[in-house]
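Colleague: The structure under discussion is supplied below as structure tokens; questions concerning it will follow.
Please treat every number below as a calculation from the coordinates, not as lab data. All values derive from a computational prediction rather than experimental measurement. Reconstructed Cβ throughout: ideal geometry from the backbone, glycine too, with neighbour counts over all protein chains shown.
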Amino acid sequence: MNIRRNIALASAVAAFSGLAVVGPATGAFAANQSDRAQGSVGQEARVLAACPKGEYAHKALQNGVRGWTANYSSTMTAVIGVGNTGNHVTEAQCMLLGWGFNPQGVDGTFGANTKAALIKFQKDQRISADGVVGKTTWSRLRNPQ
């Protein structure tokens, strides 16, 4: 089975059994329990549709660090914020969406909606909520706590 099918199957099992499947496309780290409870299978489909290349994987990234990726970028150190564009931004948007923090679109452009979703994620992770993705935020996007 391919990765998408495995994630969808795991999400369906989790939805019917009440279990949480840990991975970005399931929203297992969604902002709150009610967000997680609202159909992880539906969220799975929306995430994969928004991040078509984003077959989420847990693998070695920059400098050999292991973490989750949507396969747009493997950076652990790029600093991005409002006004930035490109694959690092697309990766961050996919990871935010996958963890249940909706940037209101995945377009590779870091705008106000991405910043708002990022700040919510940073607060949830109890890290500096500055709306900028740097080393600490990448670390948590890759491996939330």
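Colleague: Given the Cα atoms of the range 45-145, and with Rh set as the inverse mean 1/r over their pairs in the Kirkwood sense, what is Rg to Rh to two decimals?
Modeller: Here the Rg-to-Rh quotient is 0.91.
Colleague: On full extension of the chain, what length is gained from Thr85 through Ala57, given 0.36 nm per residue of separation minus the C-alpha to C-alpha distance?
Modeller: Between Thr85 and Ala57, full extension yields 7.8 nm more.
Colleague: Using 7 Å Cα-to-Cβ label points, what is the Asn143/Val65 separation (nm, one decimal)?
Modeller: Going from the Asn143 label point to the Val65 one covers 0.9 nm.
Colleague: Evaluate E = 1/(1 + (r/R0)^6) for Ile127 and Gln104, where r is the Cβ-Cβ distance and R0 equals 30 Å; express this FRET efficiency to the nearest 0.05.
Modeller: 0.85
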